[in-house]
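Scroll down for the structure; my scribbles are underneath it.
The values are calculated or read from the model by the stated rules, or taken from the named source; none is laboratory data. Keep in mind that what you see is a predicted model, and the values were worked out from it rather than measured. Cβ sites come from the backbone with ideal geometry, for glycine too, and all protein chains shown count toward neighbours.
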Amino acid sequence: MITRKAKSEIIQLLEEFSAVGVLGPRQVGKTTLAEEIAASFTPEPIYLDLESPTDKAKLNESEAYFELHKGRLIILDEIQRVPELFQILRGVIDKQRRQGHKTGQFLILGSASLDLLKQSSESLAGRIAYKELSGLTVSEVNQADQDQLWLRGGFPDSFLARNDQASLRWRMNFIGTYLERDVPQFGPRIPSTSLRLLWTMLAHSQGGQVNIAQIGANLGVTAPTAKRYIELLEDLLLIRTLRPWAGNLGKRLVKSPKIYIRDSGLTHALLNLATLDDILGHPVVGASWESFVIENLLSCLPIGATPWFYRTSAGAEIDLVIEQSSGKRWAIEIKRSLAPTLSKGFHFGCEDIQATKSFIVYPGKDRFPAANNVTVLPIIDMMNELINM
(Lines give C-alpha, C1' and ligand atoms only; values in the text may rest on other atoms or scores of the structure.)
Protein backbone atom coordinates (compact mmCIF):
# COMPACT_ATOMS: atom_id res chain seq x y z
CA MET A 1 0.00 0.00 0.00
CA ILE A 2 2.15 2.82 -1.32
CA THR A 3 0.49 6.15 -1.95
CA ARG A 4 0.64 7.87 -5.29
CA LYS A 5 1.65 11.01 -3.39
CA ALA A 6 4.85 9.50 -1.97
CA LYS A 7 5.72 7.97 -5.34
CA SER A 8 5.15 11.21 -7.27
CA GLU A 9 7.09 13.27 -4.71
CA ILE A 10 10.14 11.05 -5.01
CA ILE A 11 10.00 10.93 -8.81
CA GLN A 12 9.86 14.73 -8.79
CA LEU A 13 12.89 14.90 -6.51
CA LEU A 14 14.79 12.53 -8.82
CA GLU A 15 14.10 15.00 -11.63
CA GLU A 16 15.69 17.78 -9.58
CA PHE A 17 18.56 16.12 -7.66
CA SER A 18 21.37 13.71 -8.45
CA ALA A 19 20.43 11.51 -5.50
CA VAL A 20 17.33 11.02 -3.35
CA GLY A 21 17.41 9.37 0.06
CA VAL A 22 14.27 7.63 1.34
CA LEU A 23 14.45 7.07 5.09
CA GLY A 24 12.18 4.98 7.27
CA PRO A 25 12.22 2.03 9.67
CA ARG A 26 12.43 -1.50 8.34
CA GLN A 27 9.30 -3.04 6.82
CA VAL A 28 7.63 0.34 6.31
CA GLY A 29 7.53 -0.09 2.54
CA LYS A 30 10.72 1.55 1.21
CA THR A 31 11.67 -1.35 -1.06
CA THR A 32 8.14 -1.70 -2.42
CA LEU A 33 8.10 2.01 -3.16
CA ALA A 34 11.47 1.77 -4.92
CA GLU A 35 10.19 -1.12 -7.07
CA GLU A 36 7.16 0.92 -8.13
CA ILE A 37 9.34 3.91 -8.97
CA ALA A 38 11.75 1.68 -10.91
CA ALA A 39 8.88 0.45 -13.09
CA SER A 40 8.40 3.99 -14.42
CA PHE A 41 12.04 4.46 -15.48
CA THR A 42 13.74 3.64 -18.78
CA PRO A 43 16.26 2.11 -19.06
CA GLU A 44 15.44 -0.31 -16.25
CA PRO A 45 17.07 0.77 -12.98
CA ILE A 46 19.56 -1.39 -11.11
CA TYR A 47 18.61 -2.54 -7.61
CA LEU A 48 21.31 -3.50 -5.08
CA ASP A 49 20.46 -4.83 -1.62
CA LEU A 50 23.49 -4.00 0.50
CA GLU A 51 22.55 -6.68 3.02
CA SER A 52 23.13 -9.26 0.29
CA PRO A 53 26.78 -10.41 0.10
CA THR A 54 26.35 -10.93 -3.67
CA ASP A 55 25.08 -7.40 -4.29
CA LYS A 56 27.58 -5.91 -1.87
CA ALA A 57 30.43 -7.66 -3.70
CA LYS A 58 29.42 -5.89 -6.92
CA LEU A 59 30.58 -2.66 -5.29
CA ASN A 60 34.09 -3.87 -4.42
CA GLU A 61 35.15 -1.56 -7.26
CA SER A 62 32.25 0.79 -6.83
CA GLU A 63 33.48 3.67 -8.99
CA ALA A 64 34.02 1.32 -11.94
CA TYR A 65 30.61 -0.27 -11.36
CA PHE A 66 28.82 3.09 -11.33
CA GLU A 67 30.71 4.19 -14.45
CA LEU A 68 29.70 0.98 -16.23
CA HIS A 69 26.02 1.70 -15.53
CA LYS A 70 26.13 5.43 -16.14
CA GLY A 71 22.79 6.81 -17.29
CA ARG A 72 20.73 4.28 -15.32
CA LEU A 73 19.07 4.92 -11.97
CA ILE A 74 20.85 2.84 -9.32
CA ILE A 75 18.87 1.92 -6.19
CA LEU A 76 20.98 1.24 -3.09
CA ASP A 77 18.94 -0.44 -0.34
CA GLU A 78 20.01 -0.47 3.35
CA ILE A 79 22.75 2.10 2.70
CA GLN A 80 23.62 2.27 6.41
CA ARG A 81 25.35 -1.09 5.93
CA VAL A 82 28.03 0.54 3.78
CA PRO A 83 28.40 4.13 5.03
CA GLU A 84 31.76 4.53 3.27
CA LEU A 85 29.83 4.64 -0.01
CA PHE A 86 28.73 8.22 0.66
CA GLN A 87 32.18 9.66 0.04
CA ILE A 88 32.51 7.63 -3.17
CA LEU A 89 29.06 8.73 -4.36
CA ARG A 90 30.11 12.36 -4.09
CA GLY A 91 32.96 11.88 -6.55
CA VAL A 92 30.83 9.78 -8.91
CA ILE A 93 27.99 12.33 -8.90
CA ASP A 94 30.35 15.23 -9.54
CA LYS A 95 32.03 13.39 -12.40
CA GLN A 96 28.71 12.46 -14.01
CA ARG A 97 27.48 16.04 -13.58
CA ARG A 98 30.44 17.30 -15.58
CA GLN A 99 29.48 14.80 -18.27
CA GLY A 100 25.94 16.13 -18.41
CA HIS A 101 24.14 13.61 -16.15
CA LYS A 102 22.80 15.96 -13.49
CA THR A 103 19.73 14.29 -11.97
CA GLY A 104 18.19 10.94 -11.17
CA GLN A 105 21.40 8.98 -10.68
CA PHE A 106 20.86 7.31 -7.28
CA LEU A 107 17.91 6.33 -5.10
CA ILE A 108 19.20 5.55 -1.63
CA LEU A 109 17.11 3.66 0.94
CA GLY A 110 18.02 3.67 4.63
CA SER A 111 16.59 2.43 7.92
CA ALA A 112 18.11 5.19 10.00
CA SER A 113 17.78 8.92 10.47
CA LEU A 114 19.98 11.66 9.06
CA ASP A 115 21.68 11.99 12.44
CA LEU A 116 22.89 8.40 12.13
CA LEU A 117 23.84 8.85 8.47
CA LYS A 118 25.98 11.92 9.07
CA GLN A 119 28.23 10.91 6.20
CA SER A 120 25.47 11.61 3.71
CA SER A 121 24.74 15.13 4.90
CA GLU A 122 28.44 15.95 4.92
CA SER A 123 29.47 14.22 1.69
CA LEU A 124 26.45 14.85 -0.50
CA ALA A 125 25.40 18.35 0.52
CA GLY A 126 23.64 20.03 -2.40
CA ARG A 127 23.50 16.76 -4.31
CA ILE A 128 20.84 14.85 -2.40
CA ALA A 129 17.26 15.42 -1.22
CA TYR A 130 15.57 13.41 1.51
CA LYS A 131 12.09 11.99 1.95
CA GLU A 132 11.04 10.31 5.18
CA LEU A 133 8.59 7.47 4.62
CA SER A 134 6.24 6.97 7.54
CA GLY A 135 3.88 4.05 7.98
CA LEU A 136 0.36 4.09 6.61
CA THR A 137 -1.60 7.15 7.70
CA VAL A 138 -5.29 7.95 8.09
CA SER A 139 -5.25 9.55 4.63
CA GLU A 140 -4.27 6.20 3.08
CA VAL A 141 -6.97 3.96 4.57
CA ASN A 142 -10.75 3.98 4.61
CA GLN A 143 -12.20 6.09 7.40
CA ALA A 144 -13.97 2.97 8.70
CA ASP A 145 -10.52 1.40 9.25
CA GLN A 146 -9.15 4.27 11.36
CA ASP A 147 -9.42 2.37 14.64
CA GLN A 148 -7.79 -0.69 13.06
CA LEU A 149 -4.90 1.54 11.96
CA TRP A 150 -4.61 2.90 15.50
CA LEU A 151 -4.64 -0.61 16.97
CA ARG A 152 -2.28 -2.29 14.52
CA GLY A 153 -0.10 0.64 13.51
CA GLY A 154 1.11 1.77 10.12
CA PHE A 155 3.44 -1.05 9.06
CA PRO A 156 1.67 -2.51 6.00
CA ASP A 157 2.13 -6.17 6.98
CA SER A 158 0.74 -5.49 10.44
CA PHE A 159 -2.23 -3.43 9.23
CA LEU A 160 -3.14 -5.95 6.51
CA ALA A 161 -2.80 -9.08 8.70
CA ARG A 162 -5.77 -11.45 8.51
CA ASN A 163 -6.79 -10.79 12.13
CA ASP A 164 -5.69 -8.94 15.26
CA GLN A 165 -3.75 -11.90 16.67
CA ALA A 166 -1.78 -12.36 13.43
CA SER A 167 -1.02 -8.64 13.44
CA LEU A 168 0.20 -8.81 17.05
CA ARG A 169 2.46 -11.78 16.22
CA TRP A 170 3.97 -9.82 13.32
CA ARG A 171 4.71 -6.85 15.57
CA MET A 172 6.19 -9.03 18.34
CA ASN A 173 8.48 -10.63 15.77
CA PHE A 174 9.40 -7.20 14.39
CA ILE A 175 10.40 -6.00 17.87
CA GLY A 176 12.48 -9.12 18.50
CA THR A 177 14.25 -8.81 15.15
CA TYR A 178 15.15 -5.20 15.77
CA LEU A 179 16.54 -5.94 19.21
CA GLU A 180 18.54 -9.01 18.23
CA ARG A 181 19.72 -8.18 14.71
CA ASP A 182 19.35 -4.54 13.75
CA VAL A 183 20.24 -2.56 16.87
CA PRO A 184 23.62 -4.31 17.44
CA GLN A 185 24.95 -3.05 14.09
CA PHE A 186 24.83 0.56 15.33
CA GLY A 187 27.47 1.51 17.85
CA PRO A 188 28.46 -0.43 20.97
CA ARG A 189 26.62 -3.60 21.87
CA ILE A 190 23.49 -2.87 23.91
CA PRO A 191 21.91 -5.76 25.82
CA SER A 192 18.62 -6.65 24.10
CA THR A 193 16.94 -7.18 27.49
CA SER A 194 17.81 -3.63 28.55
CA LEU A 195 16.59 -2.15 25.29
CA ARG A 196 13.34 -4.14 25.41
CA LEU A 197 12.76 -2.92 28.98
CA LEU A 198 13.43 0.66 27.88
CA TRP A 199 11.07 0.32 24.92
CA THR A 200 8.37 -1.07 27.22
CA MET A 201 8.90 1.70 29.77
CA LEU A 202 8.47 4.28 26.99
CA ALA A 203 5.27 2.53 25.92
CA HIS A 204 3.86 2.80 29.46
CA SER A 205 4.73 6.52 29.54
CA GLN A 206 3.70 7.10 25.91
CA GLY A 207 3.80 10.79 25.06
CA GLY A 208 4.99 11.77 28.51
CA GLN A 209 7.87 13.91 29.68
CA VAL A 210 10.54 11.38 30.50
CA ASN A 211 12.94 11.59 33.43
CA ILE A 212 16.19 10.26 31.95
CA ALA A 213 17.85 9.80 35.35
CA GLN A 214 14.91 7.71 36.58
CA ILE A 215 14.95 5.60 33.42
CA GLY A 216 18.67 5.02 33.90
CA ALA A 217 18.09 3.93 37.50
CA ASN A 218 15.37 1.51 36.42
CA LEU A 219 17.68 0.05 33.76
CA GLY A 220 20.66 -0.08 36.11
CA VAL A 221 22.72 2.27 33.93
CA THR A 222 23.87 5.88 34.18
CA ALA A 223 21.72 8.73 32.90
CA PRO A 224 24.10 9.42 29.97
CA THR A 225 23.89 5.75 28.96
CA ALA A 226 20.08 5.81 29.15
CA LYS A 227 20.10 8.96 27.03
CA ARG A 228 22.27 7.18 24.46
CA TYR A 229 19.82 4.25 24.34
CA ILE A 230 16.91 6.65 23.73
CA GLU A 231 18.86 8.51 21.04
CA LEU A 232 19.56 5.21 19.29
CA LEU A 233 15.84 4.34 19.13
CA GLU A 234 15.22 7.85 17.81
CA ASP A 235 17.97 7.44 15.19
CA LEU A 236 16.31 4.22 14.06
CA LEU A 237 13.07 6.20 13.52
CA LEU A 238 11.24 4.14 16.16
CA ILE A 239 10.56 6.89 18.68
CA ARG A 240 10.03 10.64 18.35
CA THR A 241 11.09 13.45 20.65
CA LEU A 242 8.74 16.44 20.66
CA ARG A 243 10.40 19.58 22.00
CA PRO A 244 8.66 22.15 24.22
CA TRP A 245 7.90 25.54 22.73
CA ALA A 246 10.59 27.94 23.88
CA GLY A 247 9.31 31.41 23.02
CA ASN A 248 10.55 34.17 25.30
CA LEU A 249 7.35 34.96 27.18
CA GLY A 250 8.69 35.44 30.68
CA LYS A 251 6.76 32.28 31.60
CA ARG A 252 8.09 29.29 33.51
CA LEU A 253 8.04 26.83 30.63
CA VAL A 254 8.74 23.14 31.04
CA LYS A 255 12.03 22.14 29.48
CA SER A 256 11.82 18.35 29.20
CA PRO A 257 10.74 16.96 25.80
CA LYS A 258 7.89 14.53 25.31
CA ILE A 259 8.92 11.13 24.00
CA TYR A 260 6.66 8.65 22.29
CA ILE A 261 6.87 5.50 20.21
CA ARG A 262 6.09 6.57 16.68
CA ASP A 263 4.03 3.54 15.65
CA SER A 264 0.92 2.99 17.75
CA GLY A 265 0.90 -0.71 16.86
CA LEU A 266 4.34 -1.17 18.44
CA THR A 267 3.16 0.64 21.57
CA HIS A 268 0.24 -1.76 21.88
CA ALA A 269 2.42 -4.82 21.18
CA LEU A 270 4.91 -3.81 23.89
CA LEU A 271 1.98 -3.55 26.31
CA ASN A 272 0.47 -6.82 25.00
CA LEU A 273 -2.76 -5.12 23.93
CA ALA A 274 -4.18 -7.34 21.19
CA THR A 275 -7.62 -5.84 20.53
CA LEU A 276 -9.35 -2.48 20.50
CA ASP A 277 -11.17 -3.46 23.69
CA ASP A 278 -7.80 -4.11 25.35
CA ILE A 279 -6.68 -0.56 24.51
CA LEU A 280 -9.92 1.10 25.56
CA GLY A 281 -9.65 -0.58 28.97
CA HIS A 282 -5.98 0.33 29.52
CA PRO A 283 -4.62 3.51 31.15
CA VAL A 284 -2.53 4.24 28.02
CA VAL A 285 -5.63 4.81 25.86
CA GLY A 286 -5.57 8.63 25.93
CA ALA A 287 -1.81 8.94 25.46
CA SER A 288 -1.82 6.31 22.71
CA TRP A 289 -4.54 8.14 20.79
CA GLU A 290 -2.78 11.48 21.21
CA SER A 291 0.51 10.07 19.91
CA PHE A 292 -1.28 8.36 16.99
CA VAL A 293 -2.87 11.67 15.98
CA ILE A 294 0.38 13.61 16.35
CA GLU A 295 2.30 11.15 14.18
CA ASN A 296 -0.37 11.37 11.47
CA LEU A 297 -0.32 15.16 11.57
CA LEU A 298 3.46 15.40 11.44
CA SER A 299 3.50 13.17 8.35
CA CYS A 300 1.99 15.98 6.29
CA LEU A 301 3.63 19.14 7.63
CA PRO A 302 4.40 21.75 4.95
CA ILE A 303 8.00 22.80 4.34
CA GLY A 304 9.18 25.25 7.00
CA ALA A 305 6.65 24.21 9.66
CA THR A 306 7.96 23.23 13.09
CA PRO A 307 6.09 21.12 15.68
CA TRP A 308 6.20 21.80 19.43
CA PHE A 309 4.12 21.25 22.51
CA TYR A 310 3.44 23.96 25.08
CA ARG A 311 3.30 23.63 28.84
CA THR A 312 3.94 25.98 31.75
CA SER A 313 4.35 25.27 35.42
CA ALA A 314 1.15 27.30 35.97
CA GLY A 315 -0.94 24.77 34.01
CA ALA A 316 -1.24 26.28 30.53
CA GLU A 317 -0.95 23.40 28.07
CA ILE A 318 -1.32 22.68 24.33
CA ASP A 319 -0.82 19.16 22.96
CA LEU A 320 0.66 20.32 19.65
CA VAL A 321 1.78 23.70 18.33
CA ILE A 322 2.57 24.04 14.63
CA GLU A 323 4.60 27.14 13.84
CA GLN A 324 5.12 28.37 10.29
CA SER A 325 7.81 30.88 9.37
CA SER A 326 5.12 33.11 7.88
CA GLY A 327 3.93 33.95 11.40
CA LYS A 328 1.18 31.34 11.59
CA ARG A 329 0.95 29.55 14.90
CA TRP A 330 -1.69 26.85 15.26
CA ALA A 331 -2.73 25.31 18.57
CA ILE A 332 -4.06 21.75 18.41
CA GLU A 333 -5.68 19.85 21.27
CA ILE A 334 -6.28 16.10 20.90
CA LYS A 335 -9.22 14.38 22.59
CA ARG A 336 -10.40 10.76 22.55
CA SER A 337 -14.03 11.78 23.03
CA LEU A 338 -16.98 12.35 20.71
CA ALA A 339 -18.00 15.31 22.91
CA PRO A 340 -14.64 17.01 23.52
CA THR A 341 -14.25 19.87 25.97
CA LEU A 342 -11.32 22.20 26.56
CA SER A 343 -9.62 23.10 29.81
CA LYS A 344 -8.76 26.65 30.80
CA GLY A 345 -5.14 25.65 30.40
CA PHE A 346 -5.58 25.33 26.61
CA HIS A 347 -7.12 28.81 26.33
CA PHE A 348 -4.36 30.27 28.52
CA GLY A 349 -1.78 28.57 26.32
CA CYS A 350 -3.36 30.00 23.16
CA GLU A 351 -3.17 33.47 24.66
CA ASP A 352 0.46 32.94 25.71
CA ILE A 353 1.68 31.90 22.27
CA GLN A 354 -0.75 34.20 20.42
CA ALA A 355 -2.19 31.32 18.40
CA THR A 356 -3.57 32.38 15.02
CA LYS A 357 -5.89 29.33 14.83
CA SER A 358 -7.09 26.76 17.35
CA PHE A 359 -8.35 23.22 16.78
CA ILE A 360 -9.55 20.10 18.59
CA VAL A 361 -8.89 16.79 16.82
CA TYR A 362 -11.32 14.07 17.88
CA PRO A 363 -12.30 10.55 16.66
CA GLY A 364 -15.64 11.62 15.15
CA LYS A 365 -16.58 12.22 11.51
CA ASP A 366 -18.12 15.70 11.63
CA ARG A 367 -16.57 19.14 11.71
CA PHE A 368 -18.12 21.87 13.84
CA PRO A 369 -17.25 25.10 15.68
CA ALA A 370 -16.68 25.31 19.42
CA ALA A 371 -16.38 28.32 21.75
CA ASN A 372 -13.61 30.91 21.39
CA ASN A 373 -13.16 30.33 17.65
CA VAL A 374 -11.97 26.75 18.14
CA THR A 375 -12.76 24.27 15.35
CA VAL A 376 -13.50 20.62 16.19
CA LEU A 377 -12.57 18.25 13.37
CA PRO A 378 -11.50 14.67 12.44
CA ILE A 379 -7.85 13.71 11.90
CA ILE A 380 -8.14 13.65 8.11
CA ASP A 381 -9.57 17.19 8.06
CA MET A 382 -6.73 18.43 10.28
CA MET A 383 -4.21 16.79 7.96
CA ASN A 384 -5.72 18.62 5.00
CA GLU A 385 -5.62 21.89 6.92
CA LEU A 386 -1.89 21.40 7.56
CA ILE A 387 -1.16 20.53 3.95
CA ASN A 388 -2.69 23.85 2.96
CA MET A 389 -1.26 25.84 5.88
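Observations
- Selection status of residue 232, outside any helix (DSSP H, G or I) and touching a Gly at 6+ places or on another chain (Cβ under 8 Å): no
- Checked against the criterion of being more than 12 Å from the chain's Cα centre (by Cα) and over 17 Å from residue 332 (Cα atoms), the candidates 293, 285 yield just one match: 285.
- Residue within the stretch 6-15 that is under 26 Å from residue 174 (Cβ atoms) and in contact with an Asp or Glu (Cβ under 8 Å, 6 or more places away or on another chain) present: yes
- 3 or more residues in contact with a helix residue (DSSP H, G or I) (Cβ under 7 Å, 6 or more places away or on another chain): qualifying helices (runs of 4 or more DSSP H) within the stretch 270-389: 285-298, 379-387
- Members of the stretch 341-380 that are more than 19 Å from residue 309 (Cβ to Cβ) and of a type in the set (Asp, Glu): 366
- The condition of being under 20 Å from residue 299 (Cα atoms) and either out of contact with any Lys or Arg (no Cβ under 9 Å at 6 or more places or on another chain) or not assigned by TED's automatic domain parsing to the domain that holds residue 27 (or both) holds for only one of 176, 207, 216, that being 207.
- Sole residue being over 12 Å from residue 124 (Cβ atoms), of a type outside the set (D, E, K, R) and touching a Pro at 6+ places or on another chain (Cβ under 6 Å), chosen from 73, 68: 73
- Of the residues making up the stretch 235-259, those that are assigned to a strand (DSSP E or B) and within 22 Å of residue 299 (Cβ to Cβ) are 239, 240, 241, 242, 244, 258, 259.
- Considering residues of the stretch 50-100 that are among the basic types (Lys, Arg) and assigned to a helix (DSSP H, G or I) only, the residue nearest to residue 23 (Cα to Cα): 81
- Residue that is surrounded by the most Cβ atoms within 10 Å (Cβ to Cβ) [pool: residues in the stretch 326-340 that are over 18 Å from residue 291 (Cβ atoms) and charged (D, E, K, R)]: 329
- Residue that is surrounded by the most Cβ atoms within 10 Å (Cβ to Cβ), among those in the stretch 351-379 that are out of contact with any Ser or Thr (no Cβ under 6 Å at 6 or more places or on another chain) and among the β-branched types (Val, Ile, Thr): 361
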